[in-house]
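Working notes, beginning with the structure itself.
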Amino acid sequence: MRDFNCIPNYACLLCNQFSNIPICEYCKNDTLFFNAMDYPANLLHRPDIAKGVRHTAFHILRACGAFGWPFDTLIHKLKFNGNILSAKVLAQWFCENCIDSATPLPECLLPVPIHFARYFKRRYNQSVALADFISRDLGIPVRTQWSQRVAGQAQHQLNRAERLLNLRKAFKVLPIKSYGRVAIIDDVVTTGCTVDVLCRQLRQQQPGIQIEVWAMAVTPSPQQRRLAV
C-alpha cells in the first residue's frame, strides 16, 4: 500500500474546498462522533444500538459514528471509487475516537473477507485497507488469511432474515494461531449478521477467545432513523 503521509492534498474529500489536509477542519468539526455524544466505548452498552445489531458471539463493538454524513461518503469513496486515502482518514478517526489508554489492545486485526469476484473487480479489500492503517497507528499485526468468502450474495442487497440465511455457508474460517484477544475489522456494521457469523465460527475453533468488532460506522436502526427526521 502506498504511503500517503507525504502526498499533498489540495481539496477536502468531503466539501471539495481548498485544504492541505484530506478533511478540512470545518468538515471534521461538523462530524458527529459517538464519543463526543457521550456514547460508551462499547456501543453494545447502548440499548438502542445493541438491539439492532446481532451479537450472539461477540460482546464489544467500537465504531466512530452512525452511518450517515460524512462516514457514508468516505466509505463509498473507498469501496466504489478506489480512494484509499479515505481509508487512512477513517482509520485515523477510529484510533482517535475509539481507542484510549484504558482500552486493552488485541493481539491481531482480522479484516472481514470479500468474495474473490469482488476482489478481482476492485483489486483490493476495503477492510484490509482499513486494518493496514489502524495497524500502523496502533502497532498491531494484521492477519488476512484467516477466513474466506466462499459463496452468497452481496449483503447490502438483502434484508435481515435473508442475510442470516445467506451467511450460513458464506464463510470458511481457517485455522489460525491461538490468540487471546482479536479484533475483526469492517467498514460498516448494519445488522451485525456478517461479523456475528465470523465470530461464531472463530469461537468454534477457539472457545475462549475474546473478540471485538471494530467498524468505522454503524447503520442506525429504522427507529433511530425515524427519530432523527
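Things worth noting here:
- Protection proxy ranking, highest mean first, for peptides 75-81, 168-174: 75-81, 168-174, where packing is the per-residue count of other beta-carbon atoms within 10 Å, averaged.
- Taking label points 7 Å from Cα along the Cα-to-Cβ direction, residue 96 and residue 120 give a separation of 4.0 nm.
- Carbon + sulfur, % of accessible area of the chain - ligands and nucleic acids excluded, 1.4 Å: 52
- Using alpha-carbon coordinates, inclination of helix 126-138 to the longest axis of the chain, degrees: 70
- Against the main long axis of the alpha-carbon atoms of the chain, helix 193-205 sits at an angle near 50°.
- Counting only protein heavy atoms and a 1.4 Å probe, the range 67-199 has 46 square angstrom of accessible area per residue.
- Principal axis extents of the Cα atoms in the range 47-89, from largest to smallest and rounded to whole angstrom, are 33, 20, 16.
- All-pairs Cα distance distribution in the chain, expressed in whole percent, bin size 5 Å: 1, 6, 14, 19, 20, 18, 12, 6, 2, 0, 0
The values are calculated or read from the model by the stated rules, or taken from the named source; none is laboratory data. These numbers come from a predicted model, not from an experiment. No Cβ is skipped: glycine too gets one built from the backbone with ideal geometry, and neighbour counts run over all protein chains shown. The accessibility values were calculated without ligands, DNA or RNA, using every heavy atom of the protein model including side chains. Shrake-Rupley method; radii C 1.70, N 1.55, O 1.52, S 1.80 Å.
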